[in-house]
Each structure stands twice: as C-alpha cells, then as structure tokens.
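Chemist: Before I ask anything, let me first share the structure, which is written out below as structure tokens.
FYI, it's all coordinate maths here, none of it is from the lab. These numbers were taken from a predicted model, which means no experiment stands behind them. All Cβ positions, glycine included, derive from the backbone under ideal geometry; neighbour counts span all protein chains shown.
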Number of protein chains: 2
Amino acid sequence: MGYRGVPGHEFVGVVQQSSDTGVIGRRVVGEINAACGRCDFCRSGLGRHCSERTVLGILGRDGAFADYLTLPDRNLIPLPDSIPDDVAVLVEPVAAACEIFEQVRLGRDEKILVLGDGRLGAIVASVLRANSYAPVVGGHHPEKLAILAQLGLKVDAEDGLQPGFDCVIDCTGRPAGFTRAIELVRPRGRIILKSTAAANLAINLAPVVVNEITVTGSRCGRFGPAIELLEAGKIDLQQLISRRYPLDDAIAAFDDARDPLNFKILLQAS
Amino acid sequence: MGYRGVPGHEFVGVVQQSSDTGVIGRRVVGEINAACGRCDFCRSGLGRHCSERTVLGILGRDGAFADYLTLPDRNLIPLPDSIPDDVAVLVEPVAAACEIFEQVRLGRDEKILVLGDGRLGAIVASVLRANSYAPVVGGHHPEKLAILAQLGLKVDAEDGLQPGFDCVIDCTGRPAGFTRAIELVRPRGRIILKSTAAANLAINLAPVVVNEITVTGSRCGRFGPAIELLEAGKIDLQQLISRRYPLDDAIAAFDDARDPLNFKILLQAS
C-alpha cells in the first residue's frame, strides 16, 4: 500500500473518548477497515473493500503501535470478560481465518494443507479444526510444529509433503509459498492465498491453467464470528504468545519477532 | 510440457482404420486427452486430468499436422453433416470455452470482460453470448474488433477499459494479460485464465489478496456440449477462418498465423 505512518493493526484497548458515552471505559477490539458506509460494497456488508476506506496501520490511518489510536465508533466491538487480552489481540487474524468460510465452500472430507507453521498458519489451522475440518500444517520448524501438535493440530515436515491436496492454504508469508502450493495441490484443486508476500514473484502460471486450479486471495474478515469462536473456547491461542515488550522497547520487540521460532510478540502501552 | 513431436490438436478427419468397423469412413473430431480410464479422475469424468494421459500434439502423442493421426476409439465423435469442416475444426476450442461453465457459476447479469480479440477471445465470447451472457471483448486491433462486432459481440478498445468487471476472462495469449486482468476486475471478482502464456511472469499478486480476487485456470472441455452448440447454429465461427494452406506449405501457414490480424489458419492434408 506504500503506507507511511504508525504501523500496527492487531490490538485490544480501552475506550478513552467517544461521542457514544456507553462505550467509554469498555475494553474493545476494532474492525481495522474504516469505510464510507454508503457505497455498494459497504451496503452489502463488504466495507473492507470500500474504495474510500482507510485501514488501521495499513492505509491512511495511524495504527496501534501507540499509546492511543482512533477508529469510528461503529468499528468498535466490546469484549466479553472471558477473552483475556493476550487472546483478544488475536481477534483480527482469527477473523482473517474465518474469512475463508465467507469466500469458499470446503468439504469436511477434503484433504486440506495449511502451508506455514507460523502465527497465521497456526491460527488458520486452529480455526479450521474448530469448524470440524482436519487440516495438516506443513512447516520447516520442528520446534514450532511440536507446539502446534500440542494444540491438537496435525503437522508434517513441509519437505516430505506429497502432492494431491484438495486445498492448500498459503500462510507462509514467503513469496515461494505460492509456487509450493501449486506443486502440492491436486488438479482441479484450490489454493487460498492468505498473505501478500508474493509481490513481483516470477511464477510459472501454466500449471494453474493446465491443472485448472482455482486461486482465491483472502484478507480481512468480520470480527463477530471470530469473537464467537474465542468466547466459546473452541480455539486455544494463548500458547502462541511468545513474549511481551513495553511499547518503549518496540525496536527490540521487532528484532525478536524476526526470530522464526517466535509465534507472536506483544507490545504493551503503559 | 516440454513436448517434442508432431504438433496440432484441433482437427477434423475421416476414420481410416479402427477395430470398431462402425466408425470407419465416418467424419470425426476427437477429444485430445487420451486417458487411462481407470483412475479417480477418469472415473469421475475428468480424464483430461488423468496423470497418465497423453495429449494430442501436446504431451506424448503425435498431433494433427500430419496426413494421419491416431486416437483411442472412445475419443472419437462422429459429426453431424450440418457442421462443415471449417467449423468442425473449432470444436476443440469451443469445448475449451464451454469448460468455463463446468468450473464456475456466472450470473447472467455479471459484467464480463473477455480480454483479447484473437481466435480464443472470439470463441469464448461467442459461446458466452450463445448462453445468454453479454460479455464485452476488449482488444488492441480495430480491424479484428470490427469483425467481432459483425458476429454480434460487444467490443471495446482495451486501452480505454475502466476497472470494475465482475469477471475477466484472459484470452490474450500474452503474459501481460493476467496483469491487465488484475487491474480490470473488481474486488471480490473473478479472473479466468484461458491461456498458458503467463509462464514465469513477474507478477505482483498482492492485489489478488487485498482485493480477494479468485483466479481459475481453465483448459480443455468436453466435446459434447460444443458440438451441440455448433449443431444448433447458435454460434457463427466461419468468419474466423482467415485462410487455408495445404499441409506441405505448413511453414508458410505458420508465418501467416503470426500475423495478428488473422484469426485462424487451416492446414489441409491431401
């Protein structure tokens, strides 16, 4: 997006100011797309595709790595007490995982591969599992795969994966993830792209045509279904929080987040 | 496919030899995928994705630019007299156009763009029109667009096209076609790739994810629906035949086929 500004779009916070006095003091999460509310996309419930939108920490709107942020009142969602802060901060990526169900119809008996053993792969696979699917997570890091196995997920070393998956969900965050997904999906199968890392990648798209593969890009989702999943205790994400840093140590936190063995690093404002 | 051998996969011919005496002497077209008949794909009617298949003039099987070719009996389809040779030779690309309906569900009110004013674009748009869709063909060649307009198709200069199409079907045969399709499709829209030209193209896939676009590769189709369309006289393809050459002048024919103003050049065995 060529964004310049305060980054950060996954947050939980307490409302300090609002024209809606009922929400002041409430602990909230917030939908990150601030849309016009009037266009065709907005009126059909797809404000996250509104052409006039700003996006928290991504497009025209300062983000969450700060003491304060602003969002329209209608974007805020008060949290039930049963969801702790460490989990609430993951509502946004859980919603992004739930988005898959808004876009494609997956069969419960499909062979689903989640490619990537990082934070997003873990969340997508956990959300699938909570919805009675049985995905395999393929990754490169035995230590992370071991943690994901503790979460009840089926895991496998990526290098040994055999082709023939009905659906491959690329959560690698690496440009090569898409190429690997093309190798592993069966003819007439489906690839879901959950990361924007594949920018300007030289790709041989011929197998997509020859094997009649369908590729669906997938981004943000609605927060409601995500909060319901978390409130119902259907997914356990607490183990994904690797460490916490005060906001003043954000640079050190970013360095730590680059360590591939960490799932999720949190920043905490004072 | 790294194919070496006799090319050519669009043909009409007369059966000279067969263990099925009933078909000898009949004028036929032939499904180009010769499949094993036993695997899961074959048993579900998708022999064109059989991993053991040969493909006429494309993969492990000499093709149609020859005096004789061979195909399994079950691939042959006798033609009704009402379909002349010039049209019959287009059954294969018409079937490839019909394949779109086997893969995706298009709404009759969708804004559909067929990108490319060549042979494939003309055929895909004609097949869509025969099925009560109203596609626009976008192209670079005013002379070809004029001919397509005579076929009853809506046409437009590609350079002036505005984004916002619900569905863009890339029939350009050029690597840049996919990039252009990404520009022209609306968020949550659909791109159908009908050509394998986009090999090793450096593509920015981020908009596919951000705009949640679905890309479907589409290749060969069943011949039955194509022959029905042609027999019913619902599409008029005779005007797409630009010229005929005897097989002995194939090299000159290929030179002529490179002229972007020609739609289709035929080779005729003696």
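Chemist: In square nanometres and to one decimal, what's the mean projected area of the convex hull around the Cα atoms of the stretch B:213-253? Let's see the in-between values first.
Modeler: Numbers: hull surface 23.0 nm².
Projected area, direction-averaged: 5.7 nm².
Chemist: For chain B, calculate the relative contact order in percent as a whole number, restricting contacts to Cα pairs under 8 Å that are 6 or more residues apart. Don't jump to the answer; show the numbers that get you there.
Modeler: Details: 501 pairs, mean separation 44.0, N = 270.
Reported as a whole number, the value is 16 percent.
Chemist: Take every residue in peptide B:154-160, count the Cβ atoms of other chains within 10 Å of its Cβ, and give the average of those counts. Mind showing how you got there, number by number?
Modeler: Numbers: counts 0, 0, 0, 0, 0, 0, 0.
Mean shielding by partner chains, rounded to a whole number: 0.
Chemist: Starting from 0.36 nm per residue, how many nanometres of slack lie between A:A269 and A:R108 once their C-alpha separation is accounted for? Could the numbers behind the result be given before it?
Modeler: Details: separation 161, 0.36 × 161 = 57.96 nm, distance 4.18 nm.
Length gained, A:A269 through A:R108: 53.8 nm.
Chemist: In terms of the Cα gyration tensor, with a ≥ b ≥ c the square roots of its eigenvalues, is the stretch A:1-59 rounded because a/c is under 1.5, prolate because a/b exceeds b/c, or oblate? It would help to have the intermediate numbers written out before the result.
Modeler: Numbers: a/c = 2.51, a/b = 1.29, b/c = 1.95.
It comes out oblate by the Cα gyration axes.
Chemist: Here is a further query. What percent of all Cα-Cα pairs in the stretch A:94-200 falls into each 10 Å bin, going from 0 up to the bin containing the maximum distance?
Modeler: The calculated distribution, bin by bin, is 16, 53, 29, 1.
Chemist: Enumerate the residues in the stretch B:71-92 having an amide nitrogen under 14 Å from the point lying 7 Å beyond the Cα of B:V6 toward its Cβ.
Modeler: Under 14 Å, as judged by backbone N against the label point of B:V6, lie B:71-72 of the stretch B:71-92.
Chemist: Can you bin the stretch A:30-132 into rounded, prolate or oblate? Criterion: square roots of the alpha carbon gyration tensor eigenvalues sorted a ≥ b ≥ c, rounded for a/c under 1.5, prolate for a/b above b/c, oblate for the rest. All intermediate terms of the calculation are to be shown ahead of the outcome.
Modeler: Values: a/c = 2.04, a/b = 1.38, b/c = 1.48.
Taking the square roots of the gyration eigenvalues as a ≥ b ≥ c, the stretch A:30-132 is oblate.
Chemist: Ordered by residue, what ³J(HN,Hα) values in Hz, to whole numbers, does the stretch B:68-79 give under the Karplus form 6.51 cos²θ - 1.76 cosθ + 1.60, where θ = phi - 60° and Gly and Pro are x?
Modeler: The phi angles translate into 9, 9, 10, 8, x, 3, 5, 7, 7, 10, x, 9 Hz.
Chemist: Provide the gained length on full extension for the span B:Q150 to B:Q16, in nm with one decimal, where the gain is 0.36 nm per separating residue minus the Cα-Cα distance.
Modeler: On the way: separation 134, 0.36 × 134 = 48.24 nm, distance 3.86 nm.
Here the answer is 44.4 nm.
Chemist: For the residue pair A:E52 and B:N200, what label-to-label distance in nm results when each label sits 7 Å from Cα along the Cα-to-beta-carbon direction?
Modeler: Placing both labels 7 Å along Cα→Cβ, they lie 4.7 nm apart.
Chemist: Can you give the % of DSSP beta bridges in the protein assembly as shown that are antiparallel, to the nearest 5? Spell out each step's value before the answer.
Modeler: On the way: 20 of 74 bridges.
Bridges in the protein assembly as shown that DSSP calls antiparallel: roughly 25 percent.
Chemist: Just to confirm the numbers: A:A157, label point 7 angstrom along the Cα-Cβ line, distances to the other copies in nm, shortest first?
Modeler: 6.0
Chemist: Put a point 7 Å out from Cα along the line to Cβ at A:A66; what are the distances to that point in the other copies, in nm, shortest first?
Modeler: The answer, with the shortest distance listed first, is 7.0 nm.
Chemist: Okay, moving on. Which residue, A:C39, A:C50, A:C171, has the most motion in a Gaussian network model of chain A that connects Cα atoms within less than 10 Å?
Modeler: Looking only at A:C39, A:C50, A:C171, the largest GNM fluctuation is found for A:C39.
Chemist: What residues qualify as long-range amide H neighbours of B:V155, i.e. H under 5 Å apart, gap of 5 or more or another chain, H built at 1.01 Å from N?
Modeler: B:V137
Chemist: Obtain the nm distance between the two label points defined at A:C39 and A:V136 by a simple spin-label model: each point lies 7 Å from its Cα along the Cα-to-C-beta direction.
Modeler: 4.1 nm
Chemist: Moving on. Can you list the lysines whose alpha carbon is less than 22 Å from that of B:K234, not counting same-chain residues fewer than 8 positions off?
Modeler: Qualifying lysines at Cα under 22 Å: B:K111, B:K144, B:K154, B:K194, B:K264.
Chemist: Then there is this: For A:G60, list long-range residues whose amide hydrogen, built 1.01 Å from N in the peptide plane, is under 5 Å from its own amide hydrogen.
Modeler: A:R4, A:V55
Chemist: Still on this structure, please answer the following. With n ≥ 4 as the cut-off for DSSP H runs, can you work out [θ] at 222 nm for chain B, using -39500 (n - 2.57) per run divided by the number of residues, rounded to the nearest 500?
Modeler: One gets -7500 deg cm²/dmol as the mean residue ellipticity at 222 nm.
Chemist: Can you give the average number of partner chain beta-carbon atoms within 10 Å of each beta-carbon in peptide A:47-60, as a whole number? The partial results should precede the final answer.
Modeler: Details: counts 0, 4, 6, 1, 4, 0, 0, 0, 1, 0, 0, 1, 1, 0.
For this peptide, the per-residue mean of nearby foreign Cβ atoms is 1.
Chemist: How far apart, in nanometres, would the label points at A:E143 and B:D159 be if each is projected 7 angstrom from Cα along the Cα-to-Cβ direction?
Modeler: 5.7 nm
Chemist: Looking at the square roots a ≥ b ≥ c of the eigenvalues of the Cα gyration tensor of the protein assembly as shown, which shape do they give, rounded for a/c under 1.5, prolate if a/b is larger than b/c, or oblate?
Modeler: Numbers: a/c = 2.73, a/b = 1.97, b/c = 1.39.
It comes out prolate by the Cα gyration axes.
Chemist: While we're looking at this one, here's another question. Arrange the peptides B:88-95, A:142-149 so that the one whose residues have, on average, the most other Cβ atoms within 10 Å appears first. Before the final figure, lay out the partial values.
Modeler: On the way: B:88-95: 24.5, A:142-149: 16.2.
Most protected by this proxy first, the peptides run B:88-95, A:142-149.
Chemist: Quantify how strongly other chains surround peptide B:215-223 by giving the mean number of their Cβ atoms within 10 Å of each of its Cβ atoms.
Modeler: Average per residue, whole number: 5.
Chemist: Provide the packing ranking of B:61-69, A:21-29, i.e. peptides ordered by the mean count of other C-beta atoms within 10 Å per residue, highest first.
Modeler: So the order, starting with the most tightly packed, is B:61-69, A:21-29.
Chemist: Quick one: label points 7 angstrom along Cα→Cβ at A:H140, distances to the other copies in nm, smallest first?
Modeler: Here A:H140 shows inter-copy label distances of 3.8 nm.
Chemist: Continuing with this model, one more query. Starting from the amide H of A:Q268, placed 1.01 Å from N in the peptide plane, find each other amide H under 5 Å away whose residue is 5 or more places distant or on another chain.
Modeler: A:Y245, A:L247
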